[in-house]
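Q: The structure under discussion is supplied below as structure tokens; questions concerning it will follow.
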Amino acid sequence: MRLHNLDHMTIRCRPQDLPAVEQFYGQVLGLKPGRRPDFDFPGIWFYLGDCAVVHIAARLDELPESKGTYDHVSFKASGIAETRARFDAMGVAYGESPVPGFPLHQIFLTDPTGAKVELTFDLPA
């Protein structure tokens, strides 16, 4: 067996949370909603290019208190100044952190279900 790359992540939410989740992944992060199998529960698949990288499954009656050991998902990103300006203009809360010893900078957000999302930016050497 040989693994190639991470294919997608799936987030479960309550059906009533779909509009907020769609706004976060669609408008805030700029992913495109797209084709999704005809499952027997509501949801949304978000695409990055041709890849459905975020699957939303509205299959919960209530959000769980614990997220287990899952910590976050990260997207490689570019345009850090534009990203900050976009989030500031939208009133989106975020945190930042340089990566010690690496030319990388991280921006962290929390989606409407409580999942942490990281955007990783390359910095000039």
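Derivation of every value follows stated rules applied to the coordinates shown; laboratory data play no part. Computed from a prediction, not measured in an experiment: that's the story for all the values here. Every residue, glycine among them, receives a Cβ derived from its backbone with ideal geometry; neighbour counts consider all protein chains shown.
Q: Can you give me the Kirkwood hydrodynamic radius for region 73-125, using every pair of distinct Cα atoms, in Å to one decimal?
A: 11.6 Å
Q: I would also like to ask the following. Sorted by packing (mean other beta-carbon atoms within 10 Å per residue), highest first, where do 114-123, 79-88 land?
A: 114-123, 79-88
Q: Given 10 °C and 1.306 mPa s, compute D for region 1-121 with the Stokes-Einstein relation, Rh being the Kirkwood radius over Cα pairs; round to the nearest whole µm²/s.
A: Stokes-Einstein gives a translational diffusion coefficient of 102 µm²/s.
Q: Of Met90, Leu31, Leu63, which is farthest towards the positive pole of the chain's charge dipole, taken about the Cα centre with +1 and -1 on the beta-carbons of Lys, Arg and Asp, Glu respectively?
A: Leu31
Q: Still on this structure, I have one more. Between Tyr70, Tyr47, Tyr94, which gets the highest mean-square fluctuation from a Gaussian network model of the chain, Cα cutoff 10 Å?
A: In the Gaussian network model the winner is Tyr70.
Q: Moving on. Please give the length that would be gained between Phe75 and Glu96 if that part of the chain were fully extended, namely 0.36 nm times their separation in residues minus their C-alpha to C-alpha distance (nm, one decimal).
A: Gain on stretching Phe75 to Glu96: 6.1 nm.
Q: While we're looking at this one, here's another question. Please state the shape class of region 31-93: rounded when a/c is under 1.5, otherwise prolate if a/b exceeds b/c and oblate if not, all from the C-alpha gyration tensor.
A: Note, shape of region 31-93 comes out oblate.
Q: Would you mind ranking Met9, Met90 so that the residue whose beta carbon has the fewest other beta carbons within 10 Å leads the list?
A: Met90, Met9
Q: Something else: Can you check what the net charge comes to around Leu31, using other residues whose Cβ is under 12 Å from the Cβ of Leu31 (Lys, Arg +1; Asp, Glu -1)? Don't skip to the answer; put the middle values down first.
A: Details: positive: Lys32; negative: Glu22, Asp111.
Result for the neighbourhood of Leu31: -1.
Q: In whole percent, what relative contact order does the chain give with Cα contacts below 8 Å and a gap of six or more residues?
A: The normalised contact order for the chain reaches 24 percent.
Q: Helix-only estimate, please: 222 nm mean residue ellipticity of the chain, summing -39500 (n - 2.57) across DSSP H runs of length 4 or more and dividing by its residues, to the nearest 500.
A: Numbers: 2 runs with 16 residues, N = 125.
Counting only the DSSP helices, I get -3500 deg cm²/dmol.
Q: Right, here's the next one. Given a cut-off of 14 Å, what percent of all Cα-Cα pairs of region 1-67 lie beyond it?
A: Tail of P(r) above 14 Å: 60 percent of Cα pairs.
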